[in-house]
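What follows is a single structure, written as structure tokens, with notes after it.
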Amino acid sequence: MWLRLRAEEHQRNQKNLTWSDTESKPLEQQLGAMFDRLELMIKAAVERREDEARQVAERRRRWEAAMSKAQAHFVEQHRKDALRERVEEAAAAEDIRAYAAALRSSAETVDPSRRDDVIAWATWAQTYADEIDPVRNQAGMPATPEPGREDLAPYLHGWSPWSPS
């Protein structure tokens, strides 16, 4: 009769995993050593699983921190983009107002049959400039869209936007 404990891959090279019934040492006399060995194997397996769980938890914590940081970077980039856009809109509004003022001035010298058309165009341009001008409209902090996971990918520096694995 013999007894073999089946070990996990990383334990296969360890000794004392097989015990045989011999005339000089019957199997029942080896039970203490077998149970001691089994207890060590169980303890090692539990420690390994706990270590793996700690590693998984740590990886998740680092991923969540990376996701949080990515969201902050996304918000910051959105605000920078909105600011540039509003500065461009404000400049465009000023340019349009200058153009409309120049049109009004030139309306004095234009053919009288076209004067009303030129003034109407200048008036429309002035109204449009007022509509797009973020300064005149007192545009405040832009609303930040909820980022999708793919929106965060550029800020994750190698982490997956979907999971920590």
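General observations
- The residue that is nearest to ASP81 (Cα to Cα), counting only those in region 104-150 that are in a helix (DSSP H, G or I) and of a type in the set (Val, Ile, Thr), is ILE132.
- One residue stands out among those in region 10-60 that are in contact with a helix residue (DSSP H, G or I) (Cβ under 9 Å, 6 or more places away or on another chain) and in a strand (DSSP E or B): the one that is modelled with the highest pLDDT, which is SER20.
- Test for GLN71: is it under 30 Å from SER163 (Cβ atoms) and open to solvent by 60 Å² or more (accessible area, probe 1.4 Å): yes
- For VAL87, the criteria (1) farther than 30 Å from SER165 by Cα; (2) open to solvent by less than 60 Å² (accessible area, probe 1.4 Å); (3) part of a helix (DSSP H, G or I); (4) not basic (Lys, Arg) hold in every case but one, which is (2).
- Matching residues in region 53-96 - criterion: being under 16 Å from TYR155 (Cα atoms) and not hydrophobic (A, V, I, L, M, F, W, C): ARG62, GLU64, SER68, LYS69, GLN71, HIS73, GLU76, GLN77, HIS78, ARG79, LYS80, ASP81
- Sole exception among (1) surrounded by 12 or more Cβ atoms within 10 Å (Cβ to Cβ); (2) without any contact (Cβ under 8 Å) to a residue 40 or more places away in the chain for GLY158, by number: (1)
The values are calculated or read from the model by the stated rules, or taken from the named source; none is laboratory data. Model, not experiment: these values are computed from the prediction. Positions of Cβ are backbone-derived with ideal geometry, glycine not excepted, and every protein chain shown enters the neighbour counts. We work out accessible area using only protein heavy atoms, side chains counted, and drop any ligands, DNA or RNA first. Shrake-Rupley method; radii C 1.70, N 1.55, O 1.52, S 1.80 Å.
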